[in-house]
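S.K.: Supplied in structure tokens, the structure appears directly below.
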Amino acid sequence: MVTEGGMLQPRKIGDRIAASLIYKLLTSCPGIENIFLLVRSKRGKDIFSRVEEIFDDAMFDKMKQACPKYDHKIRAVAGDCMQPGLGISSSDREVLTENVNIVFHLAATVRFDEKMKTAMQINVKACRDVLDLCHDMKHLKSVIYVSTAYTQCPQNVVDERFYDPPIESEKMIHLADCVTDGMIEKITPVLLDKWPNTYTFTKAIAEDVVRKNSRGMPVGMFRPGIGQSIELVSMVCCNTTGVGTRLVSVNRRRKHVTF
């Protein structure tokens, strides 16, 4: 989140986009006061160690020259997209709602063979939780949801508009909550229908969540394809298992951005 800032939630491929975005914010937006990163602990490493790992990448070398005190702007927030309410504590939630203006939501599991319940939690329910958090932000100016160009892969042509989801988001969330793991895996092929995998399927459901749960908010949606940064080519060398970052917030004196 950015005060005059934003919040970032990257995962795996999203980590690469998020890293590029953090780089650009720190080098091109000097007015940013803070960037909040939602990060989960992993493999014995706390959130602060994991944030340090993000900036150890060579892609940030030039950024560190342009913004040597960048670490003064970075604030780690403990969270996890697998937990209800993003796993954010009440005290951290209060800080975010009081200080964030702009939100970027990039977090997703991109495994094509992800279990349906896991994909629903990370790609759909966490998206709903992000929007719920945004509704409580007192100075919200913009929310950007990063989807994928493949959410509408059954379509021959994909226009810049919302499409009907494979299943209404409320019904699919209810199904995922009520049905056992074994049962939902058995019926997954039926649920997917024309969608090739749980990734594209749940991201299409998430777009329905954005359409229904973002009313009254300044929300934009971006459907990227597969690509790499021209400016930050080293970015493709990022750890493909992800750094565990879930949310970045930038605080820029009354300007907040969330990723």
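The values are calculated or read from the model by the stated rules, or taken from the named source; none is laboratory data. From a predicted model like this one, the values you see are computed outputs, not experimental measurements. Please note: Cβ atoms are built from the backbone with ideal geometry, for glycine as well, and neighbour counts cover all protein chains shown. With ligands, DNA and RNA removed, areas are computed over all heavy atoms of the protein, side chains included. Shrake-Rupley method; radii C 1.70, N 1.55, O 1.52, S 1.80 Å.
S.K.: Quick one: Cα centre-to-centre distance for region 152-191 and region 33-99, in angstrom?
M.R.: Using only Cα atoms, the two centres lie 31 Å from each other.
S.K.: Taking the Cα centre of region 15-240 as the origin and placing charges on Cβ (Lys, Arg +1; Asp, Glu -1), which of 201, 157, 108 is farthest toward the positive end of the dipole?
M.R.: 157
S.K.: I need the calculated FRET efficiency for the pair residue 160 and residue 48, taking r as the beta carbon distance and R₀ as 35 Å, to the nearest 0.05. Don't skip to the answer; put the middle values down first.
M.R.: Details: r = 39 Å, r/R0 = 1.13.
So, using R0 = 35 Å, E works out to roughly 0.35.
S.K.: Rg and Dmax of region 15-240 over Cα atoms: what are they, in angstrom?
M.R.: 18.1, 54
S.K.: Sort 52, 160, 207 from largest to smallest accessible area, using a 1.4 Å probe on the heavy atoms of the protein chains.
M.R.: Details: 52 120, 160 190, 207 5 Å².
Ranked list, largest accessible area first: 160, 52, 207.
S.K.: Calculate the translational D of region 9-139 in whole µm² s⁻¹ from Stokes-Einstein, where the hydrodynamic radius comes from the Kirkwood formula applied to all Cα pairs, the temperature is 25 °C and the viscosity 0.890 mPa s. Could you put the intermediate results ahead of the total?
M.R.: On the way: Rh = 15.6 Å.
For the chosen part, D equals 157 µm²/s.
S.K.: Quick one: if you stick a label point 7 Å off each Cα along the C-beta vector at residue 115 and residue 98, how many nm between them?
M.R.: Result: 3.9 nm between the two label points.
S.K.: If ligands, DNA and RNA are left out, what is the accessible area of residue 74 with a 1.4 Å probe, given in Å² to the nearest 10?
M.R.: Here the residue's solvent-accessible area equals roughly 30 Å².
S.K.: How high is the FRET efficiency from residue 58 to residue 168, r the C-beta distance, R0 51 Å, rounded to 0.05? The partial results should precede the final answer.
M.R.: On the way: r = 45 Å, r/R0 = 0.88.
Efficiency computed from Cβ-Cβ geometry: 0.70.
S.K.: Still on this structure, please answer the following. Under a 5 Å amide H to amide H cut-off, with H placed in plane at 1.01 Å, what residues pair with residue 105 once short-range neighbours are removed?
M.R.: 144, 145, 146
S.K.: Expressed in nm to one decimal, what extension gain is obtained for the pair residue 186 and residue 91 from 0.36 nm per residue of sequence separation less their Cα-Cα distance?
M.R.: Values: separation 95, 0.36 × 95 = 34.20 nm, distance 4.07 nm.
Full-extension gain reported as 30.1 nm.
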